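Enquirer: I'd like to ask some things about the structure below.
The values are calculated or read from the model by the stated rules, or taken from the named source; none is laboratory data. All values reported here derive from a predicted model rather than from experimental measurement. Using ideal geometry, Cβ is built from the backbone for each residue, glycine included, and neighbour counts are taken over all protein chains shown. Just the protein is used for accessible areas: all its heavy atoms, side chains included, with ligands, DNA and RNA removed. Shrake-Rupley method; radii C 1.70, N 1.55, O 1.52, S 1.80 Å.
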Amino acid sequence: MTREGVGQMGLETFLFDNAAMRDFLVQGYCVLKVNLPVGFHQPVFEKTKKNLAHLASESFPLFVLLSLFLILFPRPAGARGPEKPNIVLIFIDDMGYGDIGPFGSTKNRTPNLDKMAHEGMKLTSFYAAPVCSVSRAQVLTGCYGARVSIPGVFFPGEKNGINKDEHTVAELLKAQGYATMCIGKWHLGDQPEFLPTRHGFEHYFGFPYSNDMLHKAKGGKLPVVPLLRDDKVIELLTGEEQSRLTERYTDEAIKFITENQKKPFFLYLPHTAIHTPIHPGAKFVGKSANGRVGDWVEEVDWSVGRVRETLAKLGLEKNTLVVFTSDNGPWLTQGKDSGEAGPLRGGKGSTWEGGVREPTIAAWPGKIAPGSACDAVAGTIDFLPTFVKLAGGSVPTDRKIDGKDIAPLLLGKTKASPHEARYYFNGYNLQAIRSGPWKLAIASQSEGMGKAGQTVPASLESPRLYNLDTEIGERTDVAAAHPEVVARLKALAVEMASELGQGKPGVRPAGVVQNPVTLYPFEEATKTVPAKPVTLDALKVGDTLSGTQAPQIVNRPLTISCSLDGKPPSGVLVAHGGMSTGYALYLKEGYVVFAVHPSGAELVRLTSPGTLPENAALEARIAADGMLSLKVNGQTVATRKLSGPLNRQPQEPFSVGFDSANPVDPTYEGMPRFAGTIRALKVSTQE
């Protein structure tokens, strides 16, 4: 260790850090730069400072110098610097704003969360993202998902994931001496390069993606999902075997806290609950008054209680910040297994408040005022800068970070949001913007993923404005009464839209693996199952097919054909998928468009060179080699080459005459249902 090194470390740290002393002893000389803080027997120190510094400059033997110093300046009691706070982030899947007691639920019993809110702070304008992967990317990187090219949801064996060059909150806290662990649902890519242990977490235990992404393992009988320990698959769990997940996650959390109680730690606990399929533990089944989803909410509450009880038992409670929140709103199409958004409009997959505003509580005894509430705009993008600064670190300046330090809000030092505006992205599509109480919708919005019904139209030229302070449910458009607010928010939206979006300069790439493989061999990967052509001409406008009823198109060629009566100008003919993966055939101002969204890649459009003739016959095709083609009356009018067929099944329904969920192509958002007649509709997945 050099003289400069000791000086940078500080004399107090050097003298009382055994590792530093050993390092110094190895070198055999003393080069101390004396610079003690006030409080170390200052009068005596001033009298002898010159002599002590002289001895140091003469490379006086270390043990003699240390003896002199410790006799003259014994370390006073309580002289340690402030402890770095432990941080526990509990992240629930698909929990709605109205699913817990502190946010108005009367169906689910949540005594531990009630207590946490009583002892801490409710954050009532706290935002995540519309769906799973993008929401988790925001937690880890402090950026909007569009900035880091994670716009939607990752699937097993996908080539894309979180980029190794992104700074994560775990990496930055680890650099500050924190023990780090992720327990639960990861969902930022399942290739080795994308897993938690490559992004700042020393250990990992959990599912790499959603619990509904089950596949039959080679030679297996039932669909399963992999459970990982660090980067290794340790078990393949069936749906029913997921019933112990919350208990196992909680046990792992308690073990991690106990083993690391002597050093600062960061525990990221993203629960699988309450994502469908619903699998509460045996002790909770049938115990709530709200069915299976209520059972699982109440088990989550039990888990929160056990974690906080452990912190208190170990004497760590007053030095630990605990935050509870969710990744997106409730999946409204899951029937009795769906959570609730309370007074908010919309749900998962939507940029209405119900899709992205989350029930959030923060507790830190002695730091956060008990029973407090904060309505300032904040969100998951703020975790990285907040946690890193609380830990004594610095937020990287080599790239744009969208999040802000919200510690002043948590600690009651201010009630003002650090954000001039909050941006509502659905994929790469900026749909709304909030500043203070005002929310401006600049694009059409659906009610949520898989939620049938017409989207509510809006555009930059014809936006909608809501005052969320006076009407949290977003029903009354007040744009006409507040033109100055509309103008200000439109200007902010235009500025952000010029920075973020597909191909925009503020977007950084996602991670890419050239030859991705699944974490375990799928049965589907070893067999070629022939697919019969599906005749859909019995369907009418407004019908949908989901699950196995929808065309199964993974790694298969796809041909859509139909005939139209007359000369309709605009409307969606068929749509299957959404902002992550999918395809759609639609008309716009008399032209026909075939839009294809490959997983992890940009949307591709084929457009007819001219408007359609009357009674046109259409064919849109993705060939086995990836060649896209669009035909009108048997003539090829447009082509383009992709790398191959779509490599994952769209999660949203197959819809006729409209798009029932998140749009494959934002261009047709807000279009009314197709008003014409579609005849001889067929979808084939054969050559």
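Enquirer: Restricting to region 507-525, what's the tally of residues that are under 30 Å from Gly436 (Cα atoms) and either surrounded by fewer than 17 Cβ atoms within 10 Å (Cβ to Cβ) or at pLDDT below 95 (or both)?
Expert: The initial filter retains those residues of region 507-525 that are under 30 Å from Gly436 (Cα atoms), namely 507-508.
If we keep only those that are either surrounded by fewer than 17 Cβ atoms within 10 Å (Cβ to Cβ) or at pLDDT below 95 (or both) as well, we get 508.
Summing the residues that are under 30 Å from Gly436 (Cα atoms) and either surrounded by fewer than 17 Cβ atoms within 10 Å (Cβ to Cβ) or at pLDDT below 95 (or both) in region 507-525 gives 1.
Enquirer: Please go through region 526-556 and give me each residue that is under 29 Å from the mean Cα position of the chain (by Cα) and at pLDDT below 75, ordered by number.
Expert: Correct list: Ser546, Gly547, Thr548.
Enquirer: Output the residues belonging to region 614-663 that are open to solvent by less than 60 Å² (accessible area, probe 1.4 Å), farther than 28 Å from Gly349 by Cα, part of a loop (DSSP other than H, G, I, E, B) and out of contact with any Gly (no Cβ under 6 Å at 6 or more places or on another chain).
Expert: Ala616, Ala623, Ala624, Gly634
Enquirer: Are any of the residues in region 374-394 in a strand (DSSP E or B) and over 21 Å from the mean Cα position of the chain (by Cα)?
Expert: Looking only at region 374-394, we keep the residues that are in a strand (DSSP E or B), and these are 374, 378-379.
Those left that are additionally over 21 Å from the mean Cα position of the chain (by Cα): 374.
Among the residues of region 374-394, at least one is in a strand (DSSP E or B) and over 21 Å from the mean Cα position of the chain (by Cα), which makes the answer yes.
Enquirer: Mind listing whichever residues of region 669-685 are under 38 Å from the mean Cα position of the chain (by Cα), of a type in the set (D, E, K, R) and not in a loop (DSSP other than H, G, I, E, B)?
Expert: Correct list: Lys682 only.
Enquirer: Right, here's the next one. Taking region 470-491, which residues are within 17 Å of Leu344 (Cβ to Cβ), surrounded by fewer than 17 Cβ atoms within 10 Å (Cβ to Cβ) and in contact (Cβ under 8 Å) with a residue 40 or more places away in the chain?
Expert: Gly473, Arg475
Enquirer: I need the full set of residues from region 299-338 which are acidic (Asp, Glu) and touching a residue at least 12 places away in the same chain (Cβ under 8 Å), in order please.
Expert: Going through region 299-338, the residues acidic (Asp, Glu) turn out to be 299, 301, 309, 317, 327, 337.
If the condition is that a residue be acidic (Asp, Glu) and touching a residue at least 12 places away in the same chain (Cβ under 8 Å), then Glu299, Asp301, Glu317, Asp327, Asp337 are the ones that fit.
Enquirer: Write out, first by first residue and then by second, each pair whose Cβ atoms fall under 6 Å of each other, whose residues are 6+ apart or on separate chains, and whose first residue, in region 585-606, is closer than 30 Å to Ile162 by Cβ while the second is of a type in the set (S, T, N, Q) and surrounded by fewer than 24 Cβ atoms within 10 Å (Cβ to Cβ).
Expert: Ser599/Asn647; Gly600/Asn160; Glu602/Gln502
Enquirer: Sticking with this one: Looking at Gly219, is it open to solvent by 10 Å² or more (accessible area, probe 1.4 Å) and under 18 Å from Trp296 (Cβ atoms)? Reasoning before the result, please.
Expert: Details: open to solvent by 10 Å² or more (accessible area, probe 1.4 Å): yes; under 18 Å from Trp296 (Cβ atoms): no.
Judged against the criteria, Gly219 is not a match.
Enquirer: Output the residue which, of all residues in region 399-423 that are in contact with a helix residue (DSSP H, G or I) (Cβ under 6 Å, 6 or more places away or on another chain) and of a type in the set (Ser, Thr, Tyr), is least open to solvent (accessible area, probe 1.4 Å).
Expert: Of the residues in region 399-423, the ones in contact with a helix residue (DSSP H, G or I) (Cβ under 6 Å, 6 or more places away or on another chain) are 402-407, 414, 421, 423.
Retained after the next criterion (residues that are of a type in the set (Ser, Thr, Tyr)): 414, 423.
On the way: Thr414: 50, Tyr423: 27 Å².
Taking the candidates together, the pick is Tyr423.
Enquirer: With Gly339, Gly355, Gly349 as the choices, which residue is open to solvent by less than 20 Å² (accessible area, probe 1.4 Å), touching a Phe, Trp or Tyr at 6+ places or on another chain (Cβ under 9 Å), at pLDDT 95 or above and part of a loop (DSSP other than H, G, I, E, B)? Walk me through how you get there before you give the answer.
Expert: Values: Gly355 fails: part of a loop (DSSP other than H, G, I, E, B); Gly349 fails: at pLDDT 95 or above.
Only one candidate qualifies: Gly339.
Enquirer: Taking the condition of being out of contact with any Lys or Arg (no Cβ under 9 Å at 6 or more places or on another chain), of a type in the set (A, V, I, L, M, F, W, C) and free of Cβ contacts under 8 Å to residues at least 60 places away in the same chain, how many residues in region 177-202 meet it?
Expert: Residues in region 177-202 being out of contact with any Lys or Arg (no Cβ under 9 Å at 6 or more places or on another chain), of a type in the set (A, V, I, L, M, F, W, C) and free of Cβ contacts under 8 Å to residues at least 60 places away in the same chain: 1 in total.
Enquirer: Step by step: first the residues of region 302-327, then only those that are among the basic types (Lys, Arg) and out of contact with any strand residue (DSSP E or B) (no Cβ under 9 Å at 6 or more places or on another chain), then the one that is most open to solvent (accessible area, probe 1.4 Å). Which residue is that?
Expert: Selected residue: Lys313.
Enquirer: So, in region 568-606, how many residues would count as being closer than 17 Å to Ala675 by Cβ, open to solvent by 30 Å² or more (accessible area, probe 1.4 Å) and out of contact with any strand residue (DSSP E or B) (no Cβ under 9 Å at 6 or more places or on another chain)?
Expert: Summing the residues that are closer than 17 Å to Ala675 by Cβ, open to solvent by 30 Å² or more (accessible area, probe 1.4 Å) and out of contact with any strand residue (DSSP E or B) (no Cβ under 9 Å at 6 or more places or on another chain) in region 568-606 gives 1.
Enquirer: Here's something else I'd like to know. Looking at Gln502 and the list (1) open to solvent by 40 Å² or more (accessible area, probe 1.4 Å); (2) out of contact with any Asp or Glu (no Cβ under 6 Å at 6 or more places or on another chain); (3) not acidic (Asp, Glu), which single condition is not satisfied?
Expert: Here Gln502 meets the rest and fails (2).
Enquirer: Could I ask something else about it? What about Arg434, is it open to solvent by 50 Å² or more (accessible area, probe 1.4 Å), more than 22 Å from Val153 (Cβ to Cβ) and not aliphatic (A, V, I, L, M)?
Expert: Values: open to solvent by 50 Å² or more (accessible area, probe 1.4 Å): no; more than 22 Å from Val153 (Cβ to Cβ): yes; not aliphatic (A, V, I, L, M): yes.
Judged against the criteria, Arg434 is not a match.
Enquirer: OK, next. When you check Asn426 against the structure, is it in contact with a His (Cβ under 9 Å, 6 or more places away or on another chain) and open to solvent by less than 40 Å² (accessible area, probe 1.4 Å), yes or no?
Expert: Taking the combined requirement at face value, the residue does not satisfy it.
Enquirer: Taking Pro609, is it more than 34 Å from the chain's Cα centre (by Cα), more than 18 Å from Ser561 (Cα to Cα) and open to solvent by 60 Å² or more (accessible area, probe 1.4 Å)? If you could, list the steps in order and put the result at the bottom.
Expert: Working: more than 34 Å from the chain's Cα centre (by Cα): yes; more than 18 Å from Ser561 (Cα to Cα): yes; open to solvent by 60 Å² or more (accessible area, probe 1.4 Å): yes.
Taking the combined requirement at face value, the residue satisfies it.
Enquirer: Do you know which residues across region 227-258 are free of Cβ contacts under 8 Å to residues at least 24 places away in the same chain, open to solvent by 70 Å² or more (accessible area, probe 1.4 Å), farther than 11 Å from Val307 by Cα and more than 24 Å from the chain's Cα centre (by Cα)?
Expert: Hits for region 227-258 are Ile234, Glu241.
Enquirer: Right, another one. Please work out if Glu495 is of a type in the set (Asp, Glu) and exposed (fewer than 15 other Cβ atoms within 10 Å of the Cβ). Full working, then the answer.
Expert: Details: of a type in the set (Asp, Glu): yes; exposed (fewer than 15 other Cβ atoms within 10 Å of the Cβ): yes.
Yes; evaluated as a whole, the condition is true for this residue.
Enquirer: Among the numbered criteria (1) open to solvent by less than 10 Å² (accessible area, probe 1.4 Å); (2) under 21 Å from the mean Cα position of the chain (by Cα), which single criterion is violated by Thr124?
Expert: (1)
Enquirer: Can you find a residue in region 84-101 that is charged (D, E, K, R), open to solvent by 10 Å² or more (accessible area, probe 1.4 Å) and closer than 30 Å to Glu259 by Cβ? Step through it out loud before you land on a result.
Expert: Going through region 84-101, the residues charged (D, E, K, R) turn out to be 84, 93-94, 99.
Within this subset, residues satisfying the condition of being open to solvent by 10 Å² or more (accessible area, probe 1.4 Å) are 84.
Subsequent filtering for residues that are closer than 30 Å to Glu259 by Cβ retains 84.
Yes - at least one qualifying residue is present in region 84-101.
Enquirer: Can you tell which of Gly634, Gly657 is under 25 Å from Gln549 (Cβ atoms) and of a type outside the set (A, V, I, L, M, F, W, C)?
Expert: Values: Gly634 fails: under 25 Å from Gln549 (Cβ atoms).
The conditions single out Gly657.
Enquirer: Sort out which residues of region 565-596 are within 29 Å of Gly189 (Cβ to Cβ) and part of a loop (DSSP other than H, G, I, E, B), and write them in order of number.
Expert: Residues satisfying the conditions are Gly578, Met579, Ser580, Thr581.
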